[in-house]
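Let me begin by presenting the structure, written as structure tokens, before commenting on it.
The values are calculated or read from the model by the stated rules, or taken from the named source; none is laboratory data. From a predicted model like this one, the values you see are computed outputs, not experimental measurements. Don't worry about glycine lacking a Cβ; one is built from the backbone with ideal geometry, like all the others, and counts go over all protein chains shown.
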Amino acid sequence: MTAASLVARCAHGLEPTLSAEILQLGLGAITHLGHREIHFRALRPGPVAPRTADDVFLLAGHRPDPGTARRDVAALSRLAMEADLDTLLELRRAHGGPGGVSGVSGVSGVEVSASFLGGRNFNRYDVEDAVGSVLARRLGVGYHSRRTAGAPPPGHTGWRVTLDGLRATLMLRIAERPLHRRDYKRHTVPGTLHPPLAAAMARIADIRPGHTVLDPCCGAGTLLAEAGGQAPRAVLYGFDLALSAVRAARENTAGLGVVVGRADAGRLPLPDGSVDRVLSNPPWGGQVTALGLLAASPSHWWAELRRVLAPDGTAVVLLPGLDELPLGLRHGLVPAHVQGVRVSGAQTFLVRLTAPTRPRRTRK
Ligand SMILES: C[S@@+](CC[C@H](N)C(=O)[O-])C[C@H]1O[C@@H](n2cnc3c(N)ncnc32)[C@H](O)[C@@H]1O
């Protein structure tokens with residue numbers, strides 16, 4: 001069988017983290033690092049589902065970017081005409097994708113999602129329809145246009161078209177639905193984390209078996225669920241002051257052995273120096289209001305973080321800006337890594353901080 005050319009997509013800023021995961025899992029040899037995407041050549045058949053990726057696709061073909069004129073969009077149908085559909089569907093199955101249920105091709109329908117860089121005199125639906133109608137005809141199944149309807153019914157093949165100014169690229173999603181949708185995430189809260197970003201934070205924290213891991217503002221428990229998936233022998237604690245968040249986190253992490261409770265992150269029910277890893281996106285800068293002691297001052301959050309962290313412990317936090325880092329420093333935490341990540345169009349910073357090796361002296 002031909003070796004598959006794959007494209008893993010991620011949030012902007014997570015490209016290095018996703019590349020490292022692809023290499024560490026032995027998923028393939030990286031051939032290109034792009035904006036929000038990593039191209040790689042599979043080394044062998046088998047499932048390809050890195051946790052820090054939004055999605056993974058098979059590369060189906062390239063053509064020159066058609067430019068800005070609406071009349072040239074029709075030329076994109078050639079991408080659909082030239083794709084080797086039989087090989088793509090075979091590779092999709094070989095890499096853990098579904099077999100499909102109907103139609104001459106064994107798939108039940110076609111949906112296409114398009115995006116492009118720069119201003120154009122056409123919209124994404126024009127691109128999607130130009131490519132999707134041809135793919136559906138060739139596969140002998142129906143085309144689900146997003147122009148007139150919402151998400152397609154389950155069982156459709158998911159295709160993606162990107163125009164980057166130079167190239168138009170057609171890709172076929174391997175999984176039945178985007179990888180960033182997690183089965184565990186049945187409940188959500190305002191400000192909840194994108195699971196691949198939570199997975200990236202857990203990877204950067206380097207959680208070892210037996211480590212005690214804490215999210216002091218756990219919301220729906222995304223960080224704990226990702227940490228538990230990556231480090232099944234870790235001991236996981238989550239707290240939140242909002243009861244709705246405590247309930248959501250308990251349900252989302254059910255079966256992972258996570259202890260979830262209601263507490264103020266400014267006064268945690270944990271002994272000094274008892275936590276090896278802290279993972280958190282605290283309630284500043286946007287959709288969520290700081291409650292309790294944190295409403296008075298973020299300083300309480302940093303002080304508690306420092307108090308519960310074991311000597312040499314690590315915290316990986318997502319912050320809306322870097323202006324708060326001096327607060328962490330004032331509490332004795334040392335920033336060791338900073339990575340900018342764009343989340344829902346907003347710039348955020350993923351920061352790893354370490355606690356000093358020596359135990360902290362308690363103030364009288
Ligand atoms: C940005 S959200 C965290 C989202 C979470 N990481 C997730 O993926 O769902 C911040 C959380 O902090 C909680 N919070 C606000 N003030 C708090 C406090 N004083 N103590 C503990 N949690 C607090 C909010 O209820 C909210 O759930």
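Scanning segment 194-216 turns up no residue that is near the ligand (Cβ under 9 Å from one of its atoms), farther than 24 Å from LEU23 by Cβ and hydrophobic (A, V, I, L, M, F, W, C).
Residues in segment 234-265 that are modelled with pLDDT of 95 or more and part of a loop (DSSP other than H, G, I, E, B): ALA234, LEU241, ALA242, THR253, ALA254, VAL258, ALA263, ALA265.
Taking segment 44-74 as the range and being touching a Ser or Thr at 6+ places or on another chain (Cβ under 6 Å) and in a strand (DSSP E or B) as the test, the residues that pass are LEU59, HIS62.
Report whether or not GLY332 is more than 22 Å from the chain's Cα centre (by Cα), on the phi > 0 side of the Ramachandran plot, surrounded by 12 or more Cβ atoms within 10 Å (Cβ to Cβ) and in the same structural domain as ASN281 (by TED's automatic domain parsing). It is true that GLY332 is more than 22 Å from the chain's Cα centre (by Cα), on the phi > 0 side of the Ramachandran plot, surrounded by 12 or more Cβ atoms within 10 Å (Cβ to Cβ) and in the same structural domain as ASN281 (by TED's automatic domain parsing). Determine whether VAL258 is in contact (Cβ under 8 Å) with a residue 12 or more places away in the chain, under 27 Å from ARG51 (Cα atoms), more than 8 Å from the ligand (Cβ to nearest atom) and not polar (S, T, N, Q). When the stated conditions are applied, VAL258 passes them.
Filter segment 6-31 for residues that are of a type in the set (Ser, Thr, Tyr) and part of a helix (DSSP H, G or I); which is surrounded by the fewest Cβ atoms within 10 Å (Cβ to Cβ)? Top of the filtered list is SER19. Scanning segment 176-198 for residues that are among the aliphatic types (A, V, I, L, M) and more than 24 Å from ARG262 (Cα to Cα) returns LEU179, LEU197. When you look at ARG41, is it over 22 Å from GLY165 (Cα atoms), touching a residue at least 24 places away in the same chain (Cβ under 8 Å), assigned to a strand (DSSP E or B) and not polar (S, T, N, Q), yes or no? Answer is yes for this residue. Among the residues of segment 266-321, those identified as more than 9 Å from the ligand (Cβ to nearest atom), part of a loop (DSSP other than H, G, I, E, B) and over 28 Å from the mean Cα position of the chain (by Cα) are PRO269, LEU270, PRO271, ASP272, GLY273, SER274, SER297.
Scanning segment 75-90 for residues that are surrounded by 14 or more Cβ atoms within 10 Å (Cβ to Cβ) and in a loop (DSSP other than H, G, I, E, B) gives a single hit, ALA83. For segment 172-193, a residue qualifies if it is within 16 Å of the ligand (Cβ to nearest atom) and either touching a residue at least 24 places away in the same chain (Cβ under 8 Å) or closer than 25 Å to LEU309 by Cα (or both), and the qualifying residues are HIS180, ARG182, TYR184, LYS185, ARG186, HIS187, THR188, VAL189, PRO190, GLY191, THR192, LEU193.
In the condition set (1) under 30 Å from PRO282 (Cα atoms); (2) within 22 Å of the chain's Cα centre (by Cα), PRO209 is compliant with all but (2).
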